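What follows is calculated from the coordinates using simple rules that are stated; it is not laboratory data. Computed from a predicted model, the values in this text were never measured in an experiment. All Cβ positions, even for glycine, are placed from backbone atoms using ideal geometry, and neighbour counts span all protein chains on display.
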Amino acid sequence: MLSPVMQPLVKLDRAPQPARTKIAARGVWMTFPGRGSDAQPINVLEDIHLEVRDGEFVCLVGPSGCGKSTLLNIAGGFLQATRGEITVDGQPVTAPDPRRIFIFQENAAFPWLTVEENIGFGVKRATEAGRREVIEHYIEMVGLTGFGTAYPRELSGGMRQRVEIARALAAEPDVLFMDEPFGALDYLTRLRLRAELIQIWQREKRTVLFVTHDVEEAVQLADRVVVMGKRPSRLRAIVPIEVPRPRDLDDPVCRVLREEIFGVMGLDHQGLQASPDSSGSLPPSTDPD
Amino acid sequence: MRARLESILLPLGVAVAFVAVWHFAVIWTGSDIFPTPRMVVAGTLELARKGVLLNYIVASLFRVTTGFLLAVFVGIPFGLVLGWFAPALKAFNPAIQVLRPISPIAWIPVAILWFGVDDRAPIFLIFLASLFPITTASIAAVRNIQLVYIRAAQNFGIRGLALFQKVVLPAALPQILTGLRLALGVAWLVVVAAEMIAVNSGLGYLIIDARNAGKRYDLVVAGMIMIGLIGLGLDWLMRQAEKLDEVRWGLNR
């Protein structure tokens, strides 16, 4: 099934996107064995098709439990799809790879290493001077100058997440997979880190696949927002966000796009279920979560 | 400041009261065998003058250190492997669970049979006594490692032995250290018991020998107090280790 693709609301004079496909999901299905005695296998993903271009920032949004993290974990090589495959640069993903770094919501900065040691963990440089240079560069980029010898336990949650982002960037990957990386942070910290992430991405030009349940976050960050529905998930829509960055959340175009995405998810902006939607999804009370 | 003063004065008050009760209890019951605190101090000084006290402390500490370190070198790698490879744990766990509740004291006859009456018997008993807490703590430590650390490391291309060295061991270390502290406490309990039977030096030997050779209960109690103080010292050392940056992140309670 092909997803409906929304027309961009505004046309902007932007440099043409590089057409090269970086990540491609082709007919990805994921089925988990059910729990309990009358175990029915649970279809989490059904026939997902998606292409992400080189250097593109794509957000996956959907209600919790919809399988967006599962899809990201398959792309990262941590899970194997039941059917179909995900390729990066045309090669099927079978295992995690240092060219594609995953950033976790729970924060995976190693607590037994200092900030510098964490950031240096995946640095591929032959000389010590080269290593130092990379570490210093990324410490500065994420605004942790002066905290190099601190341990993660001495930092705030937002700073720990910066350590993990810097560690990922310092390994010089082509792709970043981010699984609700700001989900555990307070609202203001989240806003700041979003703005910083966009600045970093504009400078570094890596391909980013970013999972979030926060539609506002997706609209602020992404080139395109991929909307997923309730389980079993197919892609409901792919919404291009052609608004120049940095984006103001109160920008009328952003607000309209947000409403549209909520509409696709089957909710109005107050979180109430909108008129029965065409895809025939289950009402919220029978959601398996 | 007040809290600090209280933490010194209150225990000191208890100690003074305890010594006073002990002193008057001996006087009032008219015991001619059980010593007063003063006699115990005199006995301790006598042992120190003869050079016996230091020799016995060194002998006991040597046995504990040797047996404990042997258990560390066997128990930590063994525990890490069992914690990591589920089939290995399935295979070994029943045997561990059967051997674990057997008190090291019950092994004394076996130890004498195998090693005779020399240092190796108590070292073997210390080794056994420490091995189980260290192994079980290491197993649990590995199984409790947060999956994100392992996944992150694999993502950076770390596998095999490097994964153990760079991630599994450091991530498990805080909980392993808790096991080491427990094991050292047990080891110190056991060395005293082992020395009462299997050797002729050490603080355990001092206690049993003082009783057998002329009912010198002043020396018995002196030995007991030394055991308590040294045990406290060993635990203090382990608590200092818990302050290191390598483990503090996992022990902040």
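Collect residues whose amide H, placed 1.01 Å from N in the peptide plane, falls under 5 Å from the amide H of residue A:56; neighbours closer than 5 in sequence don't count.
A:208
Based on the alpha-carbon gyration tensor of chain A and its eigenvalue square roots a ≥ b ≥ c, which shape applies: rounded if a/c is under 1.5, prolate if not and a/b is larger than b/c, or oblate?
Numbers: a/c = 1.66, a/b = 1.42, b/c = 1.17.
Prolate is the answer for chain A, as a/c is 1.5 or above and a/b outweighs b/c.
Gaussian network model of chain A, Cα springs within a sub-10 Å range: biggest mean-square fluctuation belongs to which of A:122, A:229, A:36?
A:36
Using Cβ contacts closer than 10 Å as the measure, can you line up A:250, A:54, A:89 from fewest to most?
On the way: A:250 7, A:54 17, A:89 14.
Starting with the residue having the fewest Cβ neighbours, the order is A:250, A:89, A:54.
Under 5 Å between amide H atoms, partner at least 5 residues away or on a different chain: which partners does residue A:237 have, H built in plane at 1.01 Å?
Result for residue A:237 returns A:227.
Rounded if a/c is under 1.5, else prolate if a/b is larger than b/c, else oblate: which is the stretch B:128-172, with a ≥ b ≥ c the root eigenvalues of its Cα gyration tensor?
It comes out prolate by the Cα gyration axes.
Just A:45, A:209, A:249 to compare: in a GNM of chain A, with alpha carbon springs under 10 Å, which one fluctuates most?
Sorting by GNM fluctuation, first place goes to A:249.
Using Cα pairs under 8 angstrom and six or more residues apart, how large is the relative contact order of the stretch A:90-178, in percent?
Working: 116 pairs, mean separation 43.2, N = 89.
Reported relative contact order: 49 percent.
How many partner chain Cβ atoms sit within 10 Å of a residue's Cβ in peptide B:144-154, on average, as a whole number? Numbers along the way, then the final one.
On the way: counts 0, 0, 5, 4, 10, 7, 1, 8, 15, 5, 7.
Mean shielding by partner chains, rounded to a whole number: 6.
Could you tell me the center-to-center distance, by alpha carbons, between the stretch A:25-95 and the stretch B:19-84 in angstrom?
63 Å
Non-local amide H neighbours of residue A:103 (under 5 Å, H modeled in plane, Pro and chain starts lacking H): which ones?
It is A:177, A:178, A:179, by chain and number.
Connecting C-alpha atoms closer than 10 Å in a GNM of chain A, tell me which of A:133, A:260, A:51 has the biggest fluctuation.
A:133
Excluding residue A:56 itself, what net charge comes from residues whose Cβ is under 11 Å from its Cβ, given Lys and Arg +1 and Asp and Glu -1?
Values: positive: A:20, A:22, A:53, A:205, A:206, A:224; negative: A:51, A:54, A:223.
Charge balance in the 11 Å sphere: +3.
Using the Karplus curve 6.51 cos²θ - 1.76 cosθ + 1.60 with θ = phi - 60°, work out ³J(HN,Hα) for each residue of the stretch A:27-40 in order, rounded to whole Hz, and write x for Gly and Pro.
These are the phi-based 3J(HN,Hα) values: x, 7, 10, 9, 10, 9, x, x, 9, x, 6, 8, 4, 9 Hz.
Helix-only estimate, please: 222 nm mean residue ellipticity of chain A, summing -39500 (n - 2.57) across DSSP H runs of length 4 or more and dividing by its residues, to the nearest 500. Walk me through the numbers on the way to the answer.
Numbers: 7 runs with 81 residues, N = 289.
The per-residue figure over chain A is -8500 deg cm²/dmol.
Work through the residues other than residue A:43 whose Cβ is under 14 Å from its Cβ and net out their charges, Lys, Arg +1 and Asp, Glu -1.
On the way: positive: A:83, A:230, A:231, A:234; negative: A:46, A:47.
Within the 14 Å Cβ shell, the charges total +2.
Run lengths n ≥ 4 of DSSP H only: what is the helix-derived mean residue ellipticity at 222 nm for chain B, with -39500 (n - 2.57) per run over all residues, to the nearest 500?
Working: 12 runs with 203 residues, N = 253.
Rounded to the nearest 500, it is -27000 deg cm²/dmol.
For residue B:166, list the lysines whose Cα falls under 29 Å from its own Cα; do not include residues on the same chain fewer than 8 positions away.
Residue B:166 reaches A:124, B:90, B:243.
Net charge around residue A:122, counting only other residues with Cβ within less than 10 Å of its Cβ (Lys, Arg = +1; Asp, Glu = -1)?
Working: positive: A:124, A:167; negative: A:172.
Result for the neighbourhood of residue A:122: +1.
Please tell me the relative contact order of chain B in percent, rounded to the nearest whole number, where contacts are Cα pairs under 8 Å and at least six residues apart. The partial results should precede the final answer.
Working: 278 pairs, mean separation 59.8, N = 253.
Relative CO of chain B lands at 24 percent.
Would you kindly compute the Cα radius of gyration of chain B and its largest Cα-Cα separation (Dmax), both in Å?
For chain B, the Cα radius of gyration and maximum Cα-Cα distance read 22.4, 76 Å.
Could you check what % of the DSSP bridge pairs in chain A are antiparallel, to the nearest 5? Walk me through the intermediate numbers first.
On the way: 22 of 42 bridges.
Here the share of antiparallel DSSP bridges comes out near 50 percent.
Return an integer: the convex hull volume of the alpha-carbon atoms of the protein assembly as shown, in Å³ per residue.
Details: hull volume 133.9 nm³, N = 542.
Looking at the protein assembly as shown, the number lands at 247 Å³ per residue.
Any idea how far apart residue B:241 and residue A:126 come out in nm if each label point goes 7 Å out from Cα toward Cβ?
Between residue B:241 and residue A:126, the label points sit 4.1 nm apart.
Mind checking which helices in chain B clear 27 Å along their axis (Cα) and have mean Kyte-Doolittle hydropathy of 0.0 or more, DSSP H runs only?
Values: long enough: B:2-29 (39 Å, 1.39); B:52-84 (47 Å, 1.82); B:120-143 (34 Å, 1.49); B:169-198 (41 Å, 1.66); B:217-241 (36 Å, 1.26).
Span-like helices here: B:2-29, B:52-84, B:120-143, B:169-198, B:217-241.
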